[in-house]
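Following: one structure in structure tokens, then a few remarks.
The values are calculated or read from the model by the stated rules, or taken from the named source; none is laboratory data. What you see is a predicted model; the values in this text were computed from it and never measured. Don't worry about glycine lacking a Cβ; one is built from the backbone with ideal geometry, like all the others, and counts go over all protein chains shown. Surface accessibility is based on the protein's heavy atoms, side chains included, excluding ligands, DNA and RNA. Shrake-Rupley method; radii C 1.70, N 1.55, O 1.52, S 1.80 Å.
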Amino acid sequence: MSMSVNTAICFTLAGVAMLCLSTRKFENLVLAITPMIMAVALLSLIGYVFDIDSSLVFGNYATMAIHTSLGMAVLAIGLYFKAIINVTKTNTLPIQWLILPVAIIGFTVTLGLSFAMHVTAGVSIADGKLLSATYATEATLVFGVSLTSMLIYVLYSKVRLQTSRASRITIYATLYLGSLLAFSIFQYSSQMQQKDIVKDFNARSEKLIRTLELSMFPYVETLYNIQTGFHASEQITRGQFKQIVQRSIDKYPGIAGLEWLPKITKENRQMSQSKALADGLEAFTIFSMDGDKKLPVVGHGPFFPVYYAEPFTQNLPAIGFDATSIPHVKDAFEKALITDSVTMSNRISLIKTNASGLLLALPVYANELPRITPEQRKAALKGYALAAIDVKVMIESTLEKYSESGDSHIIFGDADNHNEILYTHQSHSPNAIKLEELDVQKGLNYTATPVIAGKNWKIDIIAADQNRYSVRTTEILALPVSIGILTLLFTFVLANSQRKFAESERLFKYQTALLDAIPNPVVVKDKKLNIKAVNSAFTQYFGLTTSDIVGKNLYDTNFLPKEIKKTFLRKTVS
């Protein structure tokens, strides 16, 4: 098990700090090293809180464990305060020494949090799209940089700022940071709500994809029923075929036709036409289609014409059509024979309705012949059971049973055929944004590529309902508005208190000037003999400073004889 790079860095820096402390040399260096350890540890902790790895991992090395991060943070704090204690024993440590740790930790935490916000952001959508853009990352970055910069400025200028200037900076900083904090919380709440919306949308989309996959099983199962019927009997009549498939036709509206396509070769072609005549198909011919024209099929075959088809009247124009005259359908038939399973063709136009359709094919074999290998199955092939599917009807009938699909547009494509669009389902929600007005690349969408009947589908689900998939601002405004109001109130109170303080300062300076104008020594005391002020003549006469006298009790001072102090005390008591 390898040690992560950031753990090694922390141990190295901690070792250097301990060496400096033990040798009593370069102890000031510890005040710079320990914030670096704290910064690395905090980055790791931020990664664990937001469940991200990119801020924790260097190359292919392992991440810093959470207990290691906590331990390093505690160690850094301990070493820092130990260094402060050692330095202050011999020297006065100026407050400017806090600048470096504040800068390192402040900027590091700011960058870490903003990066975490960026990584965990649900979506970031341009204006006019279903979801609005959030600025949680930018707001966090600006707030952190502003707060850290102000702290550095205050620490650096603490001994240089005039009281009035410091007061103004405090008021402006409070208003600015409070407003920025309210905005940051609003953006963060908006981002979190969008993340929840995306999570809910993805869960609903996965459920819908599963429903669509399951909806195809009955169509596939119907072909196996046909196969079983032909395997159970050497001869299946048209009436018997109808009995086998009628229940499926009645139950599944997406079925445009269920058909039997026998294998016809040059040797049995004449016999097949005679059999068709006996079945009542007087004009049975094997044909292909060239646009709207029927062309007789010539050659040695084998051919796979439609012979039985139900519903009969609806599919009568397809009787005799050689499905393998369409190259991609022929490929699907060959794949079904190789895999001995149901396969699906590319999109076709159904002969009678010209609707968008798909063909499902399943081989049927002669029972007396082996069919273990593809070669054996090819020799035993009797024909194909075929299902013609109306894509629109199949999809819409499925979605009608799934109530949660109405708030989204759904695009069905053929991933095996250059993502050809098979069908587009438009949302029925009255609050839906039209598909052409949505940017599919930037909007809230979910894409899946399920394998159905041997074909890779591409299903894009695009959120369309503005009410369901938009951020509800009213639900997240309470906290930011409260912070904004509290900021204004606090700023007002702060400004008012500083105004009163400034007035008292001016009054104090005025009173001091009046006292200093008196040439005789003057002392101002309260009833309890606490000294409140003295004039300059007093300090000059007694050789004292104002700080030596003001705030003390008159009885505790030494500049007056005891008899006089007792006289003041008796007058005070009386």
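Before moving on, here are some points about what is shown:
- Of the residues in the stretch 193-210, not one is under 22 Å from Leu362 (Cβ atoms), in contact with a Ser or Thr (Cβ under 9 Å, 6 or more places away or on another chain) and open to solvent by 20 Å² or more (accessible area, probe 1.4 Å).
- All conditions in (1) crowded, with 16+ Cβ neighbours inside 10 Å; (2) in a helix (DSSP H, G or I) hold for Ile338, with the sole exception of (1).
- When the residues of the stretch 229-239 are filtered to those that are open to solvent by 80 Å² or more (accessible area, probe 1.4 Å) and either closer than 19 Å to Gly257 by Cβ or outside any helix (DSSP H, G or I) (or both), the one that is modelled with the highest pLDDT is Gln235.
- Qualifying residue in the stretch 94-104 (condition: in a helix (DSSP H, G or I) and at pLDDT below 65): yes
- Qualifying residue in the stretch 354-367 (condition: touching a residue at least 12 places away in the same chain (Cβ under 8 Å), open to solvent by 60 Å² or more (accessible area, probe 1.4 Å) and over 23 Å from His425 (Cα atoms)): yes
- Hey, Ser233 free of Cβ contacts under 8 Å to residues at least 40 places away in the same chain and touching a helix residue (DSSP H, G or I) at 6+ places or on another chain (Cβ under 7 Å) or not: no
- Taken together, Tyr224, Tyr219 contain a single residue that is open to solvent by 30 Å² or more (accessible area, probe 1.4 Å) and in contact with a strand residue (DSSP E or B) (Cβ under 9 Å, 6 or more places away or on another chain), which is Tyr224.
- Subset of the stretch 424-438 (residues that are assigned to a loop (DSSP other than H, G, I, E, B) and either at pLDDT 90 or above or open to solvent by 50 Å² or more (accessible area, probe 1.4 Å) (or both)): Gln426, His428, Pro430, Asn431, Lys434
- Which listed residue, of Ser132, Ser124, Ser157, is farther than 30 Å from Gly15 by Cβ, modelled with pLDDT of 65 or more, of a type in the set (S, T, N, Q) and out of contact with any Pro (no Cβ under 7 Å at 6 or more places or on another chain): Ser157
- Candidates are the residues of the stretch 442-473 that are of a type in the set (Ser, Thr, Tyr) and surrounded by 17 or more Cβ atoms within 10 Å (Cβ to Cβ); the one that is modelled with the highest pLDDT is Tyr446.
- The lone exception for Ile421 - which of (1) without any contact (Cβ under 8 Å) to a residue 24 or more places away in the chain; (2) assigned to a helix (DSSP H, G or I); (3) among the aliphatic types (A, V, I, L, M) it fails: (2)
- Unique match (being modelled with pLDDT of 95 or more and among the aliphatic types (A, V, I, L, M)) among Ala361, Ala379: Ala361
- Among the candidates Met344, Met271, Met289, residue that is of a type outside the set (Gly, Ala, Ser), farther than 23 Å from Glu213 by Cβ and in contact (Cβ under 8 Å) with a residue 24 or more places away in the chain: Met289
- Residues satisfying the stated conditions in the stretch 311-323, i.e. under 11 Å from Leu386 (Cβ atoms) and either part of a helix (DSSP H, G or I) or touching a residue at least 60 places away in the same chain (Cβ under 8 Å) (or both): Asn315, Ala318, Ala323
- Considering residues of the stretch 258-301 that are under 21 Å from Leu350 (Cα atoms) and of a type in the set (S, T, N, Q) only, the residue least open to solvent (accessible area, probe 1.4 Å): Ser288
- Test: residue in the stretch 372-384 that is hydrophobic (A, V, I, L, M, F, W, C), crowded, with 21+ Cβ neighbours inside 10 Å, out of contact with any Phe, Trp or Tyr (no Cβ under 7 Å at 6 or more places or on another chain) and farther than 26 Å from Gly239 by Cβ: no
- When we screen Gly301, Gly280, Gly254, Gly320 for residues that are at pLDDT 90 or above and at positive phi, the only hit is Gly320.
- Meets criteria (hydroxyl-bearing (Ser, Thr, Tyr), closer than 30 Å to Val481 by Cβ and in a helix (DSSP H, G or I)) for Tyr188: yes
- Selection from the stretch 474-520 of residues that are open to solvent by 60 Å² or more (accessible area, probe 1.4 Å) and either in a loop (DSSP other than H, G, I, E, B) or among the β-branched types (Val, Ile, Thr) (or both): Thr474, Leu477, Val481, Ile485, Val493, Ile518, Pro519, Asn520
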